[in-house]
Amino acid sequence: MQTLSSLEREKILEEQRWTHRLAKSQMRRWSLKAKLLIVVSLSLGVSILTVPAFAHHGYAAYETDRKITVTGTVTEWFWANPHCVLQFDATDDKGQVVHWGAETENPTTMTRQGWTKESMKPGDKVTVTMLPVKNGKPIGRILEVVLPNGEKLAGRVNPATEVKPQDAPK
């Protein structure tokens, strides 16, 4: 059996240390690349998921150059995120009951406009001025609601739209 001199042993140990350091360095480099890949992937994923959230806040579905006014009876008032929704029944020109749905902004924004969860209740007679949808369905974007007591509540309107409520609350 051959024995190694202390110099040879030291040389082998030094080579092993360098090999170990090199492997650690490569692992760190790979680790940084992996972290960068994870950050980029997550950023891209979040971006893809948030684009539809911004897109749905547009007015593309509404006829922004005209408004309609419909009087009816409240069937339900949803005070919830992401949008408050008013459902009401109105009678059309032929005497048929039409079930309407009209949306406005979120509760926080509507509170600043003077609205509350108790602003309307089922059975209240209301007059709703809104932007109608382009497809002709009984759906709209609220511009103003006149309550049974005559109080007017303005819906939030995008400044890009051409029509605005007549009397905004003060």
Quiz item: Limited to region 60-74, what total is found for residues that are crowded, with 19+ Cβ neighbours inside 10 Å, among the hydrophobic types (A, V, I, L, M, F, W, C) and in a loop (DSSP other than H, G, I, E, B)?
Solution: 0
Quiz prompt | Filtered residues of region 135-146 (kept if in contact with a strand residue (DSSP E or B) (Cβ under 8 Å, 6 or more places away or on another chain) and outside any strand (DSSP E or B)) | solution = P138
Practice problem: For region 79-134, please list each of the strands (runs of 3 or more DSSP E) lying entirely inside it that holds at least 1 residues being of a type in the set (F, W, Y). | Solution: 85-91, 97-103
Self-check item: Subset of region 1-44 [modelled with pLDDT of 75 or more, among the small types (G, A, S) and within 50 Å of the chain's Cα centre (by Cα)]
Solution: S41, S43
Quiz item: Restricting attention to region 117-137, and to residues there that are of a type in the set (D, E, K, R) and under 17 Å from C84 (Cβ atoms), which single residue is surrounded by the fewest Cβ atoms within 10 Å (Cβ to Cβ)?
Solution: E118
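The values are calculated or read from the model by the stated rules, or taken from the named source; none is laboratory data. Quantities reported herein were computed from a predicted structural model and do not represent experimental measurements. Cβ atoms come from the backbone with ideal geometry, glycine included; neighbour counts cover every protein chain shown.
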